[in-house]
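Worksheet: one structure, shown below.
The values are calculated or read from the model by the stated rules, or taken from the named source; none is laboratory data. The structure displayed is predicted, hence computed values, not measured ones. Note that each Cβ is placed from the backbone with ideal geometry, even for glycine, and that neighbours are counted across all protein chains shown. The area values use the complete protein model at the heavy-atom level, side chains included, leaving out ligands, DNA and RNA. Shrake-Rupley method; radii C 1.70, N 1.55, O 1.52, S 1.80 Å.
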Amino acid sequence: MESGLNPSQQKITIRQPDDWHVHLRDGSLLEAVVAQTARVFHRAVVMPNLQPPITSVESAIAYRENILAALPKGCLFTPLMTVYLTDVISPNVLEYGHSKGVFFAAKLYPANSTTNSFDGVTDIRHIEPLLDTMERIGLPLLIHGEVTDSKVDIFDREAIFIETILKPLLSRHPALRVVLEHITTEEAVQFVETSTSNLAATITPHHLHINRNAMFAGGLRSDFYCLPVAKRERHRIALRKAATSGKPCFFIGTDSAPHLRSSKESSCGCAGIFNAPIALESYAEVFDQEGALDRLEAFASEYGPAFYGLPRNTNSVTLVRVPQVVPSYFTVKNVDNSIEKLLPFHAGETLSWSVLVE
Ligand code: NCD
Ligand code: ZN
């Protein structure tokens, strides 16, 4: 599959992309990572899984202000805020936050499915009134699509979620706009591409590059552990085909999820891959390998705004075929001035594309 290289193409200029799924964290980690996302993306849908999670209009406003304050001076970047759904949140909160232009979307984390999801939804039936409201007011639902039943194998959790939760949910709420986030399986690809235009999916760079072997290559490698976990090679191939297919139901969403080294290097390492420093370059590598560089712009900069009914960005970003060695780590300065490492995806590897800094 990885043919179609066109080494004669040295440069590609695309409309500025957006990141439709990112974790910016808070505190010193926010300060360390936000500029990496704002470096190439104009807008980003910011995930609400802080501790405590963003469940109110006030906390979403405060978080947005913290993000804006952490940006480098003069940086034009628009965080699009999400609200974290719980069993007890009131539909009025969603309606109010949406009417005030604060909530861009609502995120469904099945309880205990991933990082900071303890307060998530314990049973989809508990949020039926929220889904009714969202369908009525046009607030999109963003889904972490995995069941959490310990009897279901971790590699089957996405496919089973689609069958048992997502399908019935979409038939109960045909007008609800839904994004199945960070898809990892052939089953998800097939389901999304054959559904109505109210359903779309984001695809991360890492799920296009690695299969599940990466977590076990020569030892246990938590750097490649994220949720949903990378699957078999056939799934990676299906995802690469989907991302480069030119189908508007698949668009960019990095799921950049930074965790400090100490949290990754632990007997219970956190799930998440920090790809913000090289996300666009990482996607470009895949599109290049698939002979589909001409489709990168639509995936990165057009299908997302089209799905969300937003204008396309007017600035542009240029990628050049100039190799770059990805730093082995970045540093984060804690409030007590101690320094911690943060490893990016592709750490120490050479990528063939670089973003041209003008
Ligand atoms: C994310 C995080 O760390 O917040 N982790 C991850 O592995 N992707 C949460 C999520 O999106 O599942
Ligand atoms: Zn995520």
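Of the residues that make up the stretch 229-237, is at least one surrounded by fewer than 21 Cβ atoms within 10 Å (Cβ to Cβ), of a type in the set (V, I, T) and part of a helix (DSSP H, G or I)? Yes, that holds for at least one residue. Residue count for the stretch 222-256, restricted to those that are touching a strand residue (DSSP E or B) at 6+ places or on another chain (Cβ under 6 Å), within 16 Å of ligand 2 (Cβ to nearest atom) and among the small types (G, A, S): 2.
Among the residues of the stretch 59-117, those identified as on the phi > 0 side of the Ramachandran plot and more than 16 Å from ligand 2 (Cβ to nearest atom) are G74, G101.
Remark: pairs (first residue in the stretch 340-356, on the phi > 0 side of the Ramachandran plot; second residue open to solvent by less than 40 Å² (accessible area, probe 1.4 Å) and small (G, A, S); Cβ separation under 8 Å; 6+ apart in sequence or on different chains) = H346/S282. Scanning the stretch 134-154 for residues that are over 18 Å from the mean Cα position of the chain (by Cα) and either open to solvent by 50 Å² or more (accessible area, probe 1.4 Å) or β-branched (V, I, T) (or both) yields a count of 10. Only residues that are without any contact (Cβ under 8 Å) to a residue 40 or more places away in the chain, closer than 14 Å to S113 by Cβ and crowded, with 23+ Cβ neighbours inside 10 Å were counted in the stretch 163-200, giving 1.
The lone criterion from (1) under 25 Å from Y283 (Cα atoms); (2) open to solvent by less than 10 Å² (accessible area, probe 1.4 Å) left unmet by R25 is number (2).
One residue stands out in the stretch 35-70 among those that are over 20 Å from K107 (Cβ atoms), crowded, with 17+ Cβ neighbours inside 10 Å and more than 16 Å from the chain's Cα centre (by Cα): the one that is farthest from ligand 1 (Cβ to nearest atom), namely R39. Considering every residue within the stretch 120-143, establish whether at least one is touching a residue at least 24 places away in the same chain (Cβ under 8 Å), within 30 Å of R234 (Cβ to Cβ) and of a type in the set (V, I, T). Yes - at least one qualifying residue is present in the stretch 120-143. Filtering the stretch 215-222 for residues that are open to solvent by 20 Å² or more (accessible area, probe 1.4 Å) and either touching a His at 6+ places or on another chain (Cβ under 7 Å) or within 15 Å of ligand 1 (Cβ to nearest atom) (or both) leaves a non-empty set. Taking the criterion of being in contact with a helix residue (DSSP H, G or I) (Cβ under 7 Å, 6 or more places away or on another chain) and either within 15 Å of ligand 1 (Cβ to nearest atom) or open to solvent by less than 10 Å² (accessible area, probe 1.4 Å) (or both), the residues of the stretch 84-101 that qualify are L85, L94, G97. Considering the stretch 126-221, the qualifying helices (runs of 4 or more DSSP H), each wholly inside and each with 1 or more residues that are among the charged types (D, E, K, R) and more than 16 Å from ligand 2 (Cβ to nearest atom), run over 128-137, 167-172, 186-193. Per the listing P258, P305, the residue uniquely touching a residue at least 12 places away in the same chain (Cβ under 8 Å) and either buried (at least 23 other Cβ atoms within 10 Å of the Cβ) or touching a Gly at 6+ places or on another chain (Cβ under 9 Å) (or both) is P258.
Please indicate, with yes or no, whether at least one residue in the stretch 314-335 is surrounded by fewer than 20 Cβ atoms within 10 Å (Cβ to Cβ) and within 30 Å of L141 (Cβ to Cβ). The answer is yes; a qualifying residue exists. Count of the stretch 277-313 residues, restricted to those that are of a type in the set (D, E, K, R) and touching a helix residue (DSSP H, G or I) at 6+ places or on another chain (Cβ under 7 Å), is 3. In the set D294, D288, only one residue is open to solvent by 30 Å² or more (accessible area, probe 1.4 Å), not hydrophobic (A, V, I, L, M, F, W, C) and not in a strand (DSSP E or B); that residue is D294. Residues that are out of contact with any Pro (no Cβ under 7 Å at 6 or more places or on another chain) and over 18 Å from D255 (Cα atoms) do occur in the stretch 23-44, at least one of them. Do we have A300 as within 16 Å of ligand 2 (Cβ to nearest atom), open to solvent by less than 10 Å² (accessible area, probe 1.4 Å) and under 16 Å from V45 (Cβ atoms) here? Spelling it out, it is not the case that A300 is within 16 Å of ligand 2 (Cβ to nearest atom), open to solvent by less than 10 Å² (accessible area, probe 1.4 Å) and under 16 Å from V45 (Cβ atoms). When A32 is tested against (1) touching a Ser or Thr at 6+ places or on another chain (Cβ under 8 Å); (2) modelled with pLDDT under 95, exactly one condition is not met: (2). Just one of (1) of a type in the set (V, I, T); (2) open to solvent by less than 60 Å² (accessible area, probe 1.4 Å); (3) modelled with pLDDT of 95 or more fails for T115. It is (3).
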